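**Student:** Handing you a structure now.
The values are calculated or read from the model by the stated rules, or taken from the named source; none is laboratory data. Because the structure is predicted, anything quoted here is derived from the model rather than measured. All Cβ positions, even for glycine, are placed from backbone atoms using ideal geometry, and neighbour counts span all protein chains on display.
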């Protein structure tokens with residue numbers, strides 16, 4: 001097994017300006033489930049910024065950055081019933097992770113008025129045993 005870590009920090013005001021100035025940015029960066037969760041919150045831009053930081057942290061843990069056919073919505077951060085964030089992979093990111101034998105992926109988020117931070121930990125199966133995760 002091989003473990004990789006990624007971390008990212010996002011300025012909440014910077015993300016707020018981006019979303020206000022570019023009408024299509026919300027749908028480009030966030031899935032409908034992410035939007036539904038965050039836009040229902042009183043501090044919605046902090047929640048959105050934390051999810052964007054998580055997407056970046058996941059891609060850093062993968063060692064890829066944003067690849068050519070990848071989309072921001074290919075990495076989705078949804079809270080479980082008790083509030084723990086969970087990563088769902090879709091599209092090209094899911095296919096890439098499956099090919100590289102991603103075995104486990106975890107993420108942690110935190111935010112304040114001005115900043116959002118996320119850390120991702122990816123565990124890779126280096127043997128030929130296949131992938132332990134299921135992808136959408």
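One line per residue, one yes/no per condition, for (1) under 15 Å from the mean Cα position of the chain (by Cα); (2) within 13 Å of residue 61 (Cα to Cα); (3) modelled with pLDDT of 90 or more:
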{"site": "82", "(1), (2), (3)": "no, no, yes"}
{"site": "86", "(1), (2), (3)": "yes, no, yes"}
{"site": "89", "(1), (2), (3)": "yes, no, yes"}
{"site": "94", "(1), (2), (3)": "yes, no, yes"}
{"site": "100", "(1), (2), (3)": "no, yes, yes"}
{"site": "111", "(1), (2), (3)": "yes, no, yes"}
{"site": "122", "(1), (2), (3)": "yes, yes, yes"}
{"site": "125", "(1), (2), (3)": "no, no, yes"}
{"site": "133", "(1), (2), (3)": "no, no, no"}
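**Student:** Also, I was wondering about something else. Out of all the residues in region 45-60, is one or more out of contact with any strand residue (DSSP E or B) (no Cβ under 6 Å at 6 or more places or on another chain) and over 30 Å from residue 123 (Cβ atoms)?
**Tutor:** Restricting attention to region 45-60, the residues satisfying the condition of being out of contact with any strand residue (DSSP E or B) (no Cβ under 6 Å at 6 or more places or on another chain) are 45, 47-48, 59.
When the remaining residues are screened for being over 30 Å from residue 123 (Cβ atoms), the result is 45.
Looking for residues that are out of contact with any strand residue (DSSP E or B) (no Cβ under 6 Å at 6 or more places or on another chain) and over 30 Å from residue 123 (Cβ atoms), one finds at least one in region 45-60, hence yes.
**Student:** Would you pick out the residues in region 1-40 that are surrounded by fewer than 13 Cβ atoms within 10 Å (Cβ to Cβ), under 20 Å from residue 83 (Cα atoms) and at pLDDT 95 or above?
**Tutor:** 32, 36
**Student:** So which residues in region 95-114 are crowded, with 17+ Cβ neighbours inside 10 Å and part of a strand (DSSP E or B)?
**Tutor:** Residues satisfying the conditions are 102, 103, 105, 107, 109, 111.
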